[in-house]
Each structure stands twice: as C-alpha cells, then as structure tokens.
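Below is one structure; the comments refer to it alone.
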Amino acid sequence: MPRPLDIACLQLRPMPSMDAALSEVLPLANEAVTGGAQMLFLPEYCGGLCSDGPAVAPPSAPEGDHPFLAAMQAFAAEKNVWINVGSIAVDGPDGRIINRGFMLTPQGEIAGRYDKIHLFDIQLSKDETYRESDRVDPGKCAVIHDTPLARIGHTICYDLRFAHLFRSLAQGGAEILACPAAFTAKTGAAHWHVLTRARAIETTRFVVSAAMTGPIPGGGETYGHSLIVDPWGTVLADGGEGPGVVAARIDLDMVTQTAARIPSLTNDADFARV
C-alpha cells in the first residue's frame, strides 16, 4: 500500500540575527502547516547567517539557551508537526561554533542531532574564498533520525559532494536524505541540481534539500532552488529564487520499489586500486 507523506521545504533568506530569522521562518512555517505539511525541512544556518571575509559568522548561542531552537521547538509542539531544523550555529568550545542540525518531534522535543562533517573550505577564484573551518568545528558521525513517518538521513550542504556519506545513510536504512544548504550562487548554478539528483539516483532514496536564497549579510550570495527529488531522480518541486514554501506529497513505498528495480546498494564489489 502507498505510504504518502506531505512534506515542505522552507526556502529562506540569510538573516543577520536570530530575531530576523524567526520573522522570516515563522510565517512560512504557518503557511506550510496550513497547507497540510506533516514534516517541515529548514535550510542550513536557518537561525541566521552572516559572513566575515572568507569566514562564516552566524549568530550563535549555547544549545540549551538558543532562542531560535527554542522557538522552533515551541512551534513544533503548538502545530503538532515534525521539523528538520537543517542547521543552526551552536556555541562550541574555545569560542568556536558547531554547524548543528536537529530533528524535532510534534511535542517539541529533540529527537536527534547532526553536526556537519564536511566543512566548506574552497577558493572559487582569486576574489572568492570560503573558509568554514576558520570558525566551525566539524562533526564525526553520520546520523539517521528514526521517526514514525520515515527514517531521515541528515547531511548539510557541502556534504552533498561526498557520495559515500549518502550511500552509507541509505544502506543504513534512511528513506529520505535531507541536505539543507546555503549553496553559493556560483557553485549552485553549476552543480546544485545535478548533484542533488545524482545522490537520489545513486541511493534510490528521496533527497529533500531546503535551501537559503539571496545575498548573505557581509558578502556572498546563496543559490536558492530548494529541491524535492524522488528515488528515480525526478524533481518533484523546485523553489526557484525567492523565499517561500516548497511542498510535495511523496510516496515512501517508491523507495522499496526503486531499489528493487536497481539494487545498486546491495551490488558492491571488492576491487583493488592499481
């Protein structure tokens, strides 16, 4: 029998403060729930994102006293909805931060956490450099959130370029692979769609990627185009360039059906590097 699930990505603009971020996300979250969404997906650094030269400089707070996280927990409980908080900046040791995502239950409880493993350290050109590791400590563990609705593998942004992480999550039983992002406009235009579709095709899983869109306070620009992609690689929804709700009804039975057609996750073969 079909296993339908109504989901929605919230496509947000980078905001300089947590208060500004909440003023952006809450109306869209209300719109998504009113539209019937059972599970919301938020982007990377949805609690605020700024830049300081090549380094990210998002507003941060301790996890236990984080205004944005607390507000989203309260919203989840009020609306009885699951929320994948793509990531927010959480205070870490020695003045550094952690790029941490959360899964929130309809009671507003934290059901799981994921700390971004692959940090965005690249030089796109002489004038465009990004050094996430200047401020952020990386995570070490892949994470699957078990919910009654679906099993959610959690990744973040630059993780999208590391296919083995997605494969590991799919082989571990994830049905949806979440990849919240603040992809740059330049790399997004070149790679975002093809990489997101490739991860879905390779794993025969849904890939749900809520994205930031528009200029980053302090410099830089994000690409937008939140995507919901099915296990065959078909784009079910594309958020385009503006903020808004990107919704779709997915059938989780398609995961099993597609994997039966192309069982690549069970066809690993040993090989030697020569």
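Nothing in this text is a laboratory measurement; each read-out follows from the coordinates by a stated rule. Note that this is a predicted model, so its numbers are computed, not measured. As a convention, Cβ positions derive from the backbone with ideal geometry for all residues, glycine included, and neighbour counts pool all protein chains shown.
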Distance in nm between pseudo-label sites at Ile110 and Phe271 (7 Å out along the Cβ direction from Cα): 4.1 nm
Need one number: nm distance between label points at Thr129 and Met1, each 7 Å from Cα along Cα→Cβ, rounded to one decimal. 5.9 nm
Mind checking region 184-274 for GluC sites (Glu not before Pro) that DSSP puts in a loop (not H, G, I, E or B) and that have at most 14 other Cβ atoms within 10 Å? Glu241
From the P(r) of region 96-135, can you give the percent of Cα pairs sitting at distances over 13 Å? 65 percent
For region 1-64, what ratio Rg/Rh do Cα atoms give with a Kirkwood hydrodynamic radius? 1.10
Under 14 Å from the 7 Å Cα→Cβ point of Asp19, by amide nitrogen: which residues of region 59-96? 67-68
Let a ≥ b ≥ c be the square roots of the eigenvalues of the Cα gyration tensor of region 1-113; is it rounded (a/c under 1.5), or, if not, prolate (a/b larger than b/c) or oblate? prolate
Multiplying the sequence separation of Ile122 and Trp232 by 0.36 nm and subtracting their Cα-Cα distance, what value in nm do you get? 36.5 nm
Taking each pair of different alpha-carbon atoms in region 85-168 once, compute 1/r for the pair, average those values, and report the inverse of that mean as the Kirkwood hydrodynamic radius in Å to one decimal. 14.0 Å
Given the alpha-carbon gyration tensor of the chain, what are the semi-axes of its equivalent ellipsoid in whole angstrom, ordered largest first, with each equal to the square root of 5 times an eigenvalue? 27, 23, 17
List every residue whose amide H lies under 5 Å from the amide H of Glu175, counting only residues 5 or more places away in sequence or on a different chain, with H placed 1.01 Å from N in the peptide plane. Arg151, Ile152, Gly153
Cross-link reach from Lys79 to lysines, straight Cα distance under 29 Å and at least 8 residues apart if same chain, gives Lys116
Report the gain in length on full extension from Leu26 to Ala189: 0.36 nm times residue separation, minus Cα-Cα distance, nm rounded to one decimal. 55.9 nm
Percent of Cα-Cα pairs more than 15 Å apart in region 126-178, please. 54 percent
Take the alpha-carbon centre of region 150-209, take the same for region 239-267, and report the distance between them in whole Å. 11 Å
In vacuo Debye sum over C-alpha of region 130-223, base-10 log of normalised intensity I(q)/I(0) at q = 0.16, 0.23 Å⁻¹, listed in q order, is -0.69, -1.19
